[in-house]
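Coordinate-derived values only; no laboratory data. Quick caveat, the model's predicted, so the values are computed rather than measured. Here the Cβ positions follow ideal geometry from the backbone for every residue, glycine too, while neighbour counts run over all protein chains shown.
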Amino acid sequence: MRLSELNTGEKGVIVKVLGHGGFRKRIVEMGFIKGKTVEVILNAPLKDPIKYRLLGYEISLRRQEADMIEVVSEQEARTMQNPYHGSITEDVPVPESELVALAKGKRRTINVALVGNPNCGKTSLFNIASGAHEHVGNYSGVTVDAKEGFFDFQGYHFRIVDLPGTYSLSAYTPEELYVRKHIIEETPDVIINVADSSNLERNLYLTTQLIDMNVRMVIALNMYDELEASGNKLDYTKLSQLTGVPMVPTVCRRGEGIDKLFHVIIGIYEGGDFLSQKGEIRSEILEELRDWHKTYVPDHEFGSHKEEEEARPRGYMRHIHINHGPELERSIEEVKKAISQNESIRHKYSTRFLSIKLLENDKEIENFISTLPNGKEIIAIRNKEALRIRKVMNEDSEQAITDAKYGFITGALKETFTDNHLEKEQTTRVIDSIVTHRIWGYPIFFLFLYIMFEGTFVLGDYPMQGIEWLVDQLGNLIRNNMAEGPLKDLLIDGIIGGVGGVIVFLPNILLLYFFISILEDSGYMARAAFIMDKIMHRMGLHGKSFIPLIMGFGCNVPAIMATRTIEDRKSRLITMLVNPLMSCSARLPIYLVMIGAFFPNYASFMLLCIYTAGILLAVVMARIFSKFLVKGEDSPFVMELPPYRMPTSKSIMRHTWEKGAQYLKKMGGIIMIASIIIWFLGYYPQHDAYESAAEQQENSYIGQIGKAIEPVIKPLGFDWKLGIGLISGVGAKELVVSTLGVLYTNEGDMENVNLSDRIPITPLVALAYMLFVLIYFPCIATFAAIKQESGSWKWAIFTAGYTTGVAWLVAFAVFQIGNFIV
């Protein structure tokens with residue numbers, strides 16, 4: 001609980017002080033130290049401030065400041081399981097020694113936030129530390145929300161939050177705002193700033209902003225093996241001294257340096273707020289660290305390893321101010337003086353950080369400052385200083401601050417980094433000269449897509465046949481050993497016919513995600529966005545739009561969420577609207593059924609044509625929307641092209657299997673339930689009142705529904721059964737196959753005939769049906785994602801309407817023109 005929650009006369013033992021470094025330092029200097037007992041003496045008449053007794057003297061705190069101090073109270077101790085005596089009853093006072101023990105135990109939980117640029121290996125660190133299995137993609141926007149994981153290490157329980165990748169803490173993108181808001185409001189105990197060792201100049205810009213925020217931090221110099229392999233050298237010890245932040249080399253893909261990193265974090269967490277003016281740790285805190293070593297780190301004495309030196313101050317861990325030069329520093333100080341008059345905000349915000357952001361014309365910060373009592377005065381001072389900077393430095397204050405930060409970074413790297421010309425950069429340039437070539441780039445891209453579809457279809461055929469055989473055997477087992485009745489029909493026709501008809505495509509789904517993972521992790525996906533930028537621009541989109549569109553081949557839901565990386569609202573909204581036209585993996589089983597039955601000799605080519613049709617249609621619709629529906633200026637193409645990296649088999653296999661597990665989960669959930677419902681509607685009423693199965697189905701509930709919609713779909717060549725399949729596909733596209741599997745199960749004596757051979761249609765109708773499935777109403781999950789990301793039901797409903805309308809027109813044209821030609 002928080003100190004502010006204690007009532008008058010109650011005692012508590014301090015667990016930790018939250019907030020930014022300046023606030024924590026002031027509170028600790030007042031005596032609010034971990035493990036110390038504090039008692040509430042008096043609440044002011046208006047409940048603010050509150051008087052406390054601490055270390056033998058009385059002190060007052062505002063309630064909002066007391067809210068940033070975590071404590072263990074006597075009341076809380078009674079409800080906690082005491083390690084010595086079990087739970088404590090109400091009438092027995094809690095010994096102070098036990099309160100202290102409970103507070104120390106609670107302090108063993110450390111909240112850590114991972115902050116870093118896209119492609120720096122942040123999610124890899126999260127996965128290896130927490131054991132979580134988040135996908136690692138080598139392009140911007142994989143982590144679009146914070147992921148949370150937990151793990152235990154050397155007596156401490158870590159709660160790790162993997163924040164979205166961001167290049168800065170400005171108000172430019174949703175990711176930047178999200179990360180900044182999390183740091184300010186959630187106040188993590190320690191921040192791990194993950195930096196790509198091979199691109200420090202760009203990565204350290206974010207570090208300078210975190211230093212402005214005055215947070216406890218350690219820098220993980222990730223991919224350090226690449227830096228060493230290149231022949232470049234970095235004196236990270238000296239760089240730590242210059243930045244005042246401990247740095248630990250890591251190779252997260254292989255798990256190297258992770259133990260050392262968290263060892264250093266513990267040292268920062270326990271000792272960072274207890275430094276003397278000379279930068280030395282207090283004796284009692286030092287003793288606690290030694291005791292922890294004896295208990296949890298028995299392999300070496302405290303201070304005997306290098307990481308101990310890095311965790312202790314001596315120049316490695318001290319708060320510095322990035323020197324922006326005399327003119328800027330003068331302006332920062334003037335704005336800071338005005339902001340500092342508001343004591344009520346200093347528990348959460350670094351006033352220096354707010355001053356810098358104001359001078360950078362950060363709209364979010366400006367809106368916040370405007371709410372303060374002297375907000376107008378602060379803004380006026382900012383405007384005055386910004387004008388002065390423009391006159392003196394001949395550039396606006398935002399650019400001047402950016403230049404000053406990069407100047408600091410350049411100077412620091414000049415002293416610590418030796419560039420021997422990165423071999424990897426040379427390799428990257430050679431590969432890029434081929435795959436991003438203005439002529440060869442496009443054929444190579446489509447060749448990769450063709451290989452992906454060929455592999456999905458051909459390689460997936462063998463395990464698919466094996467699963468089909470198993471499904472048939474299971475059906476025969478029930479058919480031969482179970483008494484006749486509705487339950488038997490439900491198991492054979494409903495569950496096995498429905499779920500089994502979809503589960504056979506698991507190998508194809510796994511292969512599709514396998515190939516997509518290789519493209520993502522290798523770095524080629526970003527190149528695809530690069531070469532497609534001109535085409536995207538002609539569509540009225542942004543080059544970054546290509547990544548969410550390609551992600552749509554896997555699943556439209558995360559693809560729509562990935563549009564958050566597109567800063568321009570116009571491009572972002574249009575990308576969301578056309579994303580459902582990209583054929584997701586859920587549609588793949590439908591194509592495989594139809595292509596296997598009607599186009600077996602041209603399987604890969606037909607599959608590529610279907611996917612290409614979706615892409616071309618997305619181009620056309622995006623152009624129309626850009627010109628007539630969504631107004632706005634185009635934004636420039638700014639996107640990182642990360643170096644090529646060999647994808648790790650562990651990462652690819654894990655990602656592939658997780659997608660497979662999701663597919664299997666869907667089999668046992670929505671698809672099984674839907675299959676049972678469809679079977680029920682097709683089985684009743686009066687199942688035994690008709691002479692043939694076909695007649696019974698036609699008069700069942702589902703037959704009546706199908707007959708009602710048949711006039712609408714008859715011009716497309718579809719019968720009522722195909723129409724019911726389309727209706728079920730609104731829930732999830734895989735349901736189309738399971739529905740057809742249920743509806744076409746009783747077509748005569750066809751127990752041993754594949755579903756693709758039981759559908760009595762022509763190749764032309766099959767093509768029209770595949771195109772309709774490709775285009776029409778997105779699944780419910782995609783529909784909800786569009787509403788969430790666009791912020792309006794209007795756009796979700798519009799997407800459902802236009803895709804269904806276009807699907808009908810395309811299928812109608814294909815069927816009617818095809819019949820006319822034939």
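A few remarks follow.
- Exposure proxy ranking, count of Cβ atoms within 10 Å, fewest first, for M606, M217, M393: M393, M606, M217
- Separation between Cα centres of segment 324-366 and segment 481-500, rounded to whole Å: 70
- Remark: spin-label model distance D403-Y602 equals 6.2 nm, labels positioned 7 Å along the Cα→Cβ axis.
- For segment 326-418, average projected area of the Cα convex hull in nm²: 6.8
- Of K384/K414; K348/K665; K260/K336; K488/K733; K16/K233, pairs whose Cα-Cα distance is over 32 Å: K384/K414; K348/K665; K260/K336; K16/K233
- For I379, I492, I702, order by how many other beta-carbon atoms lie within 10 Å, fewest first: I379, I492, I702
- Note, ³J(HN,Hα) from phi for segment 25-35, Karplus 6.51, -1.76, 1.60, rounded to Hz, x at Gly and Pro: 4, 5, 5, 5, 5, 6, x, 7, 10, 3, x
- F448-E658 FRET efficiency (beta carbon distance; Förster radius 22 Å; 0.05 resolution): 0.45
- Ranked list, fewest to most other Cβ atoms within 10 Å of each Cβ, for S790, S397: S790, S397
- Förster radius 30 Å - calculated FRET efficiency between E333 and T410, Cβ distance, rounded to 0.05: 0.80
- Table column - 3J(HN,Hα) (Hz), segment 255-268, Karplus curve with 6.51, -1.76, 1.60, x for Gly and Pro: x, 7, x, 5, 4, 4, 4, 6, 5, 5, 4, 4, x, 5
- Relative contact order of segment 326-418, pairs being alpha-carbon contacts under 8 Å that are 6 or more residues apart, as %: 30
- Here is the size of segment 354-403 from its Cα atoms: Rg then Dmax, 10.8, 32 Å.
- The rule of thumb for compact globular proteins, 2.2 N^0.38 Å, goes into the C-alpha radius of gyration of segment 220-261 1.16 times.
- The P(r) of segment 580-633 has a tail past 15 Å containing 56 percent of all C-alpha pairs.
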